[in-house]
1. Out of A:Arg253, A:Arg249, which single residue is at the interface with another protein chain (Cβ under 9 Å from one of its Cβ atoms), at pLDDT below 75, farther than 25 Å from B:His24 by Cβ and surrounded by 15 or more Cβ atoms within 10 Å (Cβ to Cβ)?
2. All but one of (1) at pLDDT 90 or above; (2) more than 30 Å from B:Ser37 (Cβ to Cβ); (3) in the same structural domain as B:Ser14 (by TED's automatic domain parsing) hold for B:Val99; which doesn't?
3. Looking only at region B:126-162, how many residues end up being hydrophobic (A, V, I, L, M, F, W, C) and in a loop (DSSP other than H, G, I, E, B)?
4. Against the condition over 30 Å from A:Asp156 (Cβ atoms), surrounded by 11 or more Cβ atoms within 10 Å (Cβ to Cβ) and not aromatic (Phe, Trp, Tyr), how does A:Lys119 come out, does it pass?
5. Do we have any residue at all in region B:151-161 that's under 23 Å from B:Val195 (Cβ atoms) and surrounded by fewer than 14 Cβ atoms within 10 Å (Cβ to Cβ)?
6. Return the total of residues in region B:25-84 being in contact (Cβ under 8 Å) with a residue 60 or more places away in the chain, of a type in the set (Asp, Glu) and within 12 Å of another protein chain (Cβ to nearest Cβ).
7. In region A:386-409, which residues are under 18 Å from B:Glu68 (Cβ atoms) and either in contact (Cβ under 8 Å) with a residue 12 or more places away in the chain or loosely packed, with under 15 Cβ neighbours inside 10 Å (or both)?
8. Being more than 14 Å from every other protein chain (Cβ to nearest Cβ) and part of a strand (DSSP E or B) is the filter; apply it to region A:368-394 and report the residue that is nearest to A:Val320 (Cα to Cα).
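The values are calculated or read from the model by the stated rules, or taken from the named source; none is laboratory data. This is a predicted model, so every value here is computed, not measured. Every residue, glycine among them, receives a Cβ derived from its backbone with ideal geometry; neighbour counts consider all protein chains shown.
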Amino acid sequence: MISYCSIPSICKVFIMAYIFALLCGIVLSMSPVFSARKHRGKIAWVFCVFVSSAMLLIYAADVKTAKQNLSVNSFVRWFCDLPVVFPLILITLMTVYVLYVIIKEKHKRHNIVTRSSVKEGIDKLDSGLCFAYESGRVILANYIMNELCHSILGRDLQNANVFWDALSSCKVKEDVVCLQAGENPSFRLPDGRVWSFAHSVIDNIIQVSAADTTYLQRLTDELKEKNKELKAINARLVAYGEEVDELTRSKERLETKINIHRSLGQALLVTRHYLIDSTRDEKVPFDIWEKNIAMLSMEIEQPSEEPFEMFIKAAKTAGVDIEINGQLPSREETNNLFALAAAESLVNAVRHADANAMYITFTEEHDMDMVSFTNNGTRPESEITEGGGLGALRKKTERIGGIMKVCHNPEFALIISIPKKGEPHEANNDC
Amino acid sequence: MKRIMIVEDDPMASQLLEIYIKEHKEYELVCNIESASMAEVYCLSQNIDLILMDVCTAMNASGLDAAEKIKKNFPHIKIVIITSQPECSFIDRARQVGVDSFWYKSSKAEEIITVIEKTFAGENIYPDTTPTLVFGDALSVDLSDRELEVLRELVAGETDADIAEHLFMSVRTVKSHITNMKNKTGFKNRTELAVRARECGLIINDKHQE
């Protein structure tokens, strides 16, 4: 078989150049081989370095001695006389090994997450992210979070706890608008963008995240504006409804008046017939005229009674004396409710306590109109159970922001407080 | 003599009723009051046999609410509800609270007296149906019960979310009912729906009186 010594010089040069390139490749693959845990790869790498270096030296020695007609070392001679196929097989195996290491490394780079790839990844996020120890020392913060810290606080993100405290209490730069403080603070930056922040603790690690909520904020603002308009429309609608009641009553009155005038026409006709034929029964026109005169007399409308006038009149018929102290509230809604409460108290006083006197006291306290109802009847032995009447009264009271208290000790008392401005107050059930 | 009380805040209507009752010797008018909230007080002492009561009375007091309480505490007292409002829910509510008879005010005097007589005789007189109203391009009967419930909430000035919560339906369903009503009536928006419903008396906003 043909040996290395007998191949043409050009082939020898090519083989040597290839072995050199292979050696370079082996040296370059040192890093991934030695960073791996397995020793098998490291042994193979050392073997390859040794063999390829030895082959390069032997072939170089052979070329040099052949050119200068020098005596050749016996080992070099023996190796160079070996069939060239053996060194070629060795070279091929080493080439396969180097290619295997390079491909494996390339594959590894694409599939294994390193610290750098984590940093690179979170930097590319379109939201802000920061992880820190419980002490606040930052472990990892992405580019956006650092930028946000600069824009909102005007300094670097050094401590996540300090950063979060500043955000949640809205201690931010003057040109930043704090839209919401607390657990989910949000800010409008000078560039118009809105960022919302969240804070959580995961396995003793603090996570602060920031999301761009500009679009959401815009929609929320629009919705708020629309709701405001809707609320105004609804309020107008309710007010209109109340006016329509009056309009309907006016229509009814008009219809009644038309009927009266028709009736008058009928009375005139009947009277005319009676005058023409006096043998007819005179009671018929007389009754019609009496009815018409009664109806005409009511066309002069009497003004409506005030709610408490109605109540006092009703109490009088029930044989109950009413004693009132203090001034009636000026607000119509409150006045109506107090009159309803008075009627309810009166019914209960007569039915359950057999009372014949009722005491009503109106007071003003801060921004509240108050009324209390007591009576001289039997004192209740146990707590008052609210039935349909008192229950409905409580609902009405609370609907306009008031408070209702029903006491049984030392005596029955119904106390109602209504805010003057119609704003709801917290209930206090102490008697 | 049967003792009758009138509860009516419209002075003309109440005077007319007064005349009708005074014309009949077997009836005695005990009192004529403006607000249903005071009716129970009179029942305590006036030995009343029948109450002729409007639905919407002074001080925003509902005659139907008062009827419910009176029927509970004085079941022997007959109650006749009279109204000029064609509100679709009044008849159902009146039956629910145990009102003996229900009639519309626009009727003639003889009709009201007949209703009173029949009620005293133990009959329950109710109109067969509520008056049919023209509501935009539609008639009141064209609206479904659920649509009427949504319309009632609209008239009360509630938002879609509130309506959904009150009627146990989704906001999408509320919107769908409103759209259906707009399509049926030809009204342009929800406000017009609410205003027209209130104007024609299809819906009376007694939510705030409940």
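1. On the way: A:Arg253 fails: farther than 25 Å from B:His24 by Cβ.
Going through A:Arg253, A:Arg249 in turn, the sole match is A:Arg249.
2. Of everything listed in (1) at pLDDT 90 or above; (2) more than 30 Å from B:Ser37 (Cβ to Cβ); (3) in the same structural domain as B:Ser14 (by TED's automatic domain parsing), B:Val99 misses just condition (2).
3. Looking only at that region, the number is 3.
4. Working: over 30 Å from A:Asp156 (Cβ atoms): no; surrounded by 11 or more Cβ atoms within 10 Å (Cβ to Cβ): yes; not aromatic (Phe, Trp, Tyr): yes.
No: the conditions fail for A:Lys119.
5. yes
6. 1
7. A:Glu386, A:Gly387, A:Gly388, A:Gly389, A:Leu390, A:Gly391, A:Leu393, A:Lys395, A:Lys396
8. By that ranking, first place goes to A:Thr374.
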